[in-house]
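A quick write-up on the structure given underneath.
The values are calculated or read from the model by the stated rules, or taken from the named source; none is laboratory data. As the structure is a computational prediction, the values presented were derived from the model and not from experiment. Don't worry about glycine lacking a Cβ; one is built from the backbone with ideal geometry, like all the others, and counts go over all protein chains shown.
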There are 4 protein chains.
Amino acid sequence: MYMQKAVKANALKRLKSAKGHLDHVIRQIEQETYCIDILQQSLAVQSALRAVDNIILKGHLEEHVSHAMHGKDQQKSIQEIVDVFEKARK
Amino acid sequence: MYMQKAVKANALKRLKSAKGHLDHVIRQIEQETYCIDILQQSLAVQSALRAVDNIILKGHLEEHVSHAMHGKDQQKSIQEIVDVFEKARK
Amino acid sequence: MYMQKAVKANALKRLKSAKGHLDHVIRQIEQETYCIDILQQSLAVQSALRAVDNIILKGHLEEHVSHAMHGKDQQKSIQEIVDVFEKARK
Amino acid sequence: MYMQKAVKANALKRLKSAKGHLDHVIRQIEQETYCIDILQQSLAVQSALRAVDNIILKGHLEEHVSHAMHGKDQQKSIQEIVDVFEKARK
């Protein structure tokens with residue numbers, strides 16, 4: 001599916017950075033770093049992933065939903081967004 | 001603004017129930033109940049409020065956004081949803 | 001169970017304020033306020049309840065856990081905290 | 001710092017699996033997969049990381065906190081846990 005160039009570039013840059021930080025969490029556990037420092041780092045990775053989610057969701061609403069919102073897929077599009085919203089808070 | 005009858009009734013019923021549970025949390029603290037039991041009850045209230053959020057968001061997408069998505073308010077509507085998504089995870 | 005006076009007073013003050021804001025959410029729905037404004041208000045109530053959770057948890061760790069941590073209830077105390085941590089993120 | 005063998009092995013296994021899933025999210029964006037599928041996958045990674053947090057926190061409480069809870073580091077240990085609890089819900 002089409003994805004806006006800026007969304008794609010921004011999301012990829014952030015995800016690759018998040019992957020680097022996840023590698024760091026793995027090393028911290030291998031080296032038995034202090035648990036609280038590991039938790040802080042893990043939470044930072046999760047915060048970075050949430051930021052990517054926001055970028056993807058915004059791109060999704062701009063690209064796909066605005067078109068789908070009047071067609072027969074409206075109900076499906078809405079349910080998908082609500083499902084993501086619900087799951088994102090679990 | 002117009003709100004679907006079913007959304008309104010469902011949200012109100014759940015919010016009034018949540019308020020009753022919040023009253024219970026207040027009584028638990030007044031009576032110095034065991035902290036873990038208070039926390040469990042407080043988390044149940046928050047879970048009930050999240051369920052109401054999902055109902056409101058779905059109603060919002062069905063009623064307003066589908067109309068706004070093609071007009072000049074499209075960008076504003078999208079940003080509002082992304083802002084709620086972001087704030088909902090804080 | 002014993003609860004520190006400052007914890008109790010602080011938690012009660014905040015919960016009563018949160019209840020007032022929850023009443024406001026209920027009125028907003030009765031008056032069919034714009035959905036995004038309702039969601040913002042509901043999220044503010046949840047944020048206030050999370051702040052109370054933090055106060056209660058801290059009081060719990062200070063009062064009870066430090067005593068339980070060496071006795072036969074250590075494992076039970078730890079599991080309770082982990083359960084709250086897990087449920088708090090759902 | 002000392003970390004229980006079972007905690008270390010379990011956390012590492014799960015983090016390496018999460019990293020594999022994060023790689024999958026990156027590929028999904030490179031291939032411009034449907035946004036909702038990307039979001040679902042990203043949320044699954046975050047859920048896996050939260051599960052690791054729970055394992056680390058439990059190990060931390062079992063190994064370090066039970067000892068620190070009576071010494072001069074009690075207040076510091078408690079504050080660290082409350083800080084993680086607070087940050088984990090942002």
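Observations
- For the range D:1-21, a residue qualifies if it is outside any helix (DSSP H, G or I) and more than 7 Å from chain A (Cβ to nearest Cβ), and exactly one does: D:Gln4.
- Sole residue being surrounded by fewer than 19 Cβ atoms within 10 Å (Cβ to Cβ), within 28 Å of C:Glu30 (Cβ to Cβ) and in contact (Cβ under 8 Å) with a residue 12 or more places away in the chain, chosen from B:His64, B:His21: B:His21
- With respect to the stated conditions, B:Glu86 fails to be over 23 Å from C:Val7 (Cβ atoms) and at the interface with chain C (Cβ under 7 Å from one of its Cβ atoms).
- Looking across B:His60, B:His24, one residue alone is in a helix (DSSP H, G or I) and more than 7 Å from every other protein chain (Cβ to nearest Cβ). It is B:His24.
- Residue count for the range D:1-18, restricted to those that are surrounded by fewer than 17 Cβ atoms within 10 Å (Cβ to Cβ) and of a type in the set (A, V, I, L, M): 4
- Sole exception among (1) touching a helix residue (DSSP H, G or I) at 6+ places or on another chain (Cβ under 7 Å); (2) of a type outside the set (Phe, Trp, Tyr); (3) more than 24 Å from A:Arg89 (Cα to Cα) for C:Ala51, by number: (3)
- Just one residue in the set D:Ala44, D:Ala51 is surrounded by fewer than 19 Cβ atoms within 10 Å (Cβ to Cβ), free of Cβ contacts under 8 Å to residues at least 60 places away in the same chain, among the aliphatic types (A, V, I, L, M) and at the interface with chain A (Cβ under 10 Å from one of its Cβ atoms); that residue is D:Ala44.
- Residues in the range B:65-79 include none that are within 7 Å of chain C (Cβ to nearest Cβ), part of a helix (DSSP H, G or I) and not hydroxyl-bearing (Ser, Thr, Tyr).
- Taking the numbered list (1) buried (at least 17 other Cβ atoms within 10 Å of the Cβ); (2) out of contact with any Phe, Trp or Tyr (no Cβ under 7 Å at 6 or more places or on another chain); (3) modelled with pLDDT of 90 or more in turn, D:Phe85 passes all entries but (2).
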